[in-house]
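Visitor: Submitted below is the structure of interest, expressed as structure tokens.
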Amino acid sequence: MNRDGARPSLWQANRPDYQPSNDWNKETVYDVLIVGGGITGLTTALLLQQEGKKCLVAEAHTLGFGTSGGTTSHLNTLVDATYPTIENNFGKQAAQQVARATAGAIALVESLTKKYQIDAGFSYQSAWLYAQEEQEVSELDEVYEASRRAGLIVEAANSIPVPIPFKKAYQFGGQGQIHASNYLRGLAEAFEKAGGVIVQHCLVQNLKHDDPIRATTTTGDIRARQVVYATHQPPGISIFNFRLAPYRSYATAFTLKDGNYPSGLAYDMKEIYNYFRTQESDGQRYVIAGGFDHKTGHEDNTAHIFSELEAYQRTYFKVDTFAYKWSSQYYESVDGLPYIGSFPGQEGVYVGTGFGGNGVTYGTVTALVLCDMLMGRSSPYEEVFSPARIKPVASFANFVKENADVVSMFIGKRFSYEKITELAELAPGEAKTVKWEGTSLALYKDENSRVYALDPVCPHAKCIVNWNSGEKSWDCPCHGARYAVDGSLLTGPAQTGLTRLEWGELPVS
């Protein structure tokens, strides 16, 4: 499978890109256009198709190209926004709703794997949350108490499944895991067997709000009565640009010399937390471990993060081989909960975004909520996840924090390029943002000494892109758009790639 980075994930090994079987009839008016071919989009499409809707999934690249191809595929009711935080921001009833919604999502994953005989190794697991330092213990106790009030199954634990020292731990029941790409393929096959249509390499650029809605795409217009954005950031400039912050998370999959693979899921209490679990793929067991998150476009040496992650994991595990190392993107909402529901100000358009590190779970919650809404039913979770919610007490501090970065990129970084006198200073595999004879350039030299020169201004909102050495991409630090070395668009919310520059005969040797 192809994905939006230079480093393949565990889920892509020996797996070809999905080949759709149903033809797209361009004269058809579809009931629902689902934009995005990841787990969120395909689950939503499958549920709606089961209910009798005529659906089309439009994917800008190939199925699983984005975050679904880079997930670590945990299924959690123990979500990233802790239950004390949810209670504080939204109240105890909302915390209970989040617990029920996420438990329902895990049950739906189980149900779909059974109904459609998807060989994705779904299993329920316990999760252990552990404190390593004294100041973490009181925070852990608060999480325990709030989680119990929300309805989670949780009890004190005397041991954890990973060989890491700890001071206190709790065990949470009802969590889960799944093989991401096998599950994604199974959803796609079930959707097509139900009559759904998948169109790949189809970038949705604009919506014209006629009756029906007309979506302009790179492969022709699509007409639909309703539209669902399952794309993290919806394309273009929208209110979500100021409610979401893009982050990169790093993961490895490694084998062990001693064969002591952990049973269950494990998480520490760090602000940027570390997480561990075991996954079997093609007959081989791996420890999947990750963490070391940072805001997209805000690290100068992302390749070095993999070295730090590897060193951390070798401290505790008897590592045999690091088989895979990759990173992936997610979006944090300003108040901790995702936005699922009607797109503010756009009639007939719906969205699911802001999942944080719980993408498979919240993507499935999105499918449950939007299926009810689009079928004219009331969802019990419609209010708590509503994109129209306004929680100034809960979100204002984070809004200022996240968007201060955006402002600094607009004002400060725009004119602070490193100056070089010779393009030859670029080594193969190196990239820089430079000034060349008064022209701003984003430069990359590949291993064959071919130089790519791009305009570094992101076409989405005019921020300046930064080089991601770990994934060999140009990443926007403002809203998370990402570009390949040749300027082509990898992920939105931009709708076009970076401009390729014609710079004439410059020294490249």
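All of the numbers you see were taken from the coordinates with simple rules; none came from a lab. As the structure is a prediction and not an experimental result, all values here were calculated from the model. Cβ sites come from the backbone with ideal geometry, for glycine too, and all protein chains shown count toward neighbours.
Visitor: So what's the back-of-envelope 222 nm ellipticity for the chain, counting only DSSP H runs of four-plus at -39500 (n - 2.57) apiece and dividing by all residues, rounded to 500?
Guide: Numbers: 8 runs with 126 residues, N = 509.
Result for the chain, helices only: -8000 deg cm²/dmol.
Visitor: Amide H neighbours of T278 under 5 Å, at least 5 residues apart or on other chains, H built in the peptide plane: list them.
Guide: It is G264, I288, by chain and number.
Visitor: Would you mind checking which residues have amide H under 5 Å from H74's amide H? H placed 1.01 Å from N; only 5 or more apart, or other chain.
Guide: Excluding prolines and chain starts, which carry no amide H, there are no hits.
Visitor: Each label point is 7 Å from the Cα along the Cα-to-Cβ direction; what then is the distance between the points at A427 and E142, in nm?
Guide: Using points 7 Å along Cα→Cβ, the separation is 4.6 nm.
Visitor: How long is the gain from D486 to H201 if the chain were fully straight, where each residue apart is worth 0.36 nm and the alpha carbon distance is subtracted? Walk me through the numbers before you get to the answer.
Guide: Working: separation 285, 0.36 × 285 = 102.60 nm, distance 1.72 nm.
Length gained, D486 through H201: 100.9 nm.
Visitor: For the range 74-82, just list the computed ³J(HN,Hα) in residue order, Karplus coefficients 6.51, -1.76 and 1.60, θ = phi - 60°, integers in Hz, with x standing in for Gly and Pro.
Guide: 7, 10, 9, 8, 7, 8, 4, 6, 4
Visitor: Quick one: which residues, 5 or more positions from A323 or on another chain, have an amide H under 5 Å from its amide H? H modelled 1.01 Å from N in the peptide plane, none for Pro or chain starts.
Guide: A253, F254, T255
Visitor: Starting with the highest mean, order 349-362, 204-217 by the number of other Cβ atoms within 10 Å, averaged over the residues of each peptide.
Guide: On the way: 349-362: 25.6, 204-217: 15.8.
Listed from highest to lowest mean packing, they are 349-362, 204-217.
Visitor: Which helices of the chain meet both criteria: a Cα extent of 15 Å or more along the helical axis and a mean Kyte-Doolittle score no lower than -0.5, with helices taken as whole DSSP H segments?
Guide: On the way: long enough: 39-50 (16 Å, 1.00); 92-115 (34 Å, 0.01); 134-150 (25 Å, -1.21); 180-193 (20 Å, -0.40); 302-316 (23 Å, -0.55); 359-374 (21 Å, 1.41); 392-411 (28 Å, 0.79).
The answer, listed by residue number, is 39-50, 92-115, 180-193, 359-374, 392-411.
Visitor: Shifting gears a bit: May I ask which of K114/K167; K208/K462; K318/K432; K53/K115; K193/K472 have a Cα-Cα span longer than 28 Å here? Kindly include the intermediate steps, with their values, before the conclusion.
Guide: Values: K114/K167 39 Å; K208/K462 24 Å; K318/K432 37 Å; K53/K115 19 Å; K193/K472 37 Å.
Those over the limit are K114/K167; K318/K432; K193/K472.
Visitor: What aspartates and glutamates could a cross-link reach from K26, if we take a straight Cα to Cα line under 20 Å and drop same-chain neighbours fewer than 8 places away?
Guide: The qualifying aspartates and glutamates are E59, E192, D210, D211, D221.
Visitor: Another one. How much net charge surrounds C371 when only other residues with a Cβ under 13 Å from its Cβ are counted (Lys, Arg +1; Asp, Glu -1)?
Guide: Working: positive: K53, R377; negative: D31, E51, D372, E382.
Local net charge: -2.
Visitor: Another question about this same structure. Treating the Cα atoms of the chain as identical point scatterers in vacuum, please give the log10 of the normalised Debye intensity I(q)/I(0) at q = 0.05 Å⁻¹, two decimals.
Guide: -0.19
Visitor: Each residue of the range 238-248 in turn: what ³J(HN,Hα) in whole Hz from Karplus with 6.51, -1.76, 1.60 and θ = phi - 60°, glycine and Pro shown as x?
Guide: 3J(HN,Hα) across the range 238-248, in whole Hz: 8, 4, 5, 4, 10, 10, 10, 10, x, 9, 10.
Visitor: Let me ask another. Just to confirm my understanding: which cysteines in the chain have no other cysteine beta carbon less than 4.7 Å from their beta carbon?
Guide: Cysteines lacking a close Cβ partner in the chain: C55, C202, C371.
Visitor: Which peptide among 129-135, 197-203, 172-178 comes first, and what is the full order, when sorted by highest mean count of other Cβ atoms within 10 Å?
Guide: Numbers: 129-135: 16.4, 197-203: 20.0, 172-178: 22.9.
Ranking the peptides 129-135, 197-203, 172-178 by packing returns 172-178, 197-203, 129-135.
Visitor: Shifting gears a bit: Taking the mean number of other Cβ atoms within 10 Å as a proxy for protection, how do you rank 222-233, 32-43, 255-266 from highest to lowest?
Guide: Values: 222-233: 24.4, 32-43: 29.7, 255-266: 16.2.
Ranking, from highest mean packing down: 32-43, 222-233, 255-266.
Visitor: Evaluate the relative contact order of the chain (contact order divided by residue number), counting alpha-carbon pairs under 8 angstrom at least 6 apart; express in whole percent. Can you show the working numbers first?
Guide: Values: 1161 pairs, mean separation 89.7, N = 509.
For the chain, the relative contact order is 18 percent.
Visitor: Over the range 20-393, what is the percentage of antiparallel beta bridges among all DSSP beta bridges, to the nearest 5? Mind showing how you got there, number by number?
Guide: On the way: 54 of 74 bridges.
If I count the DSSP bridges inside the range 20-393, around 75 percent turn out antiparallel.
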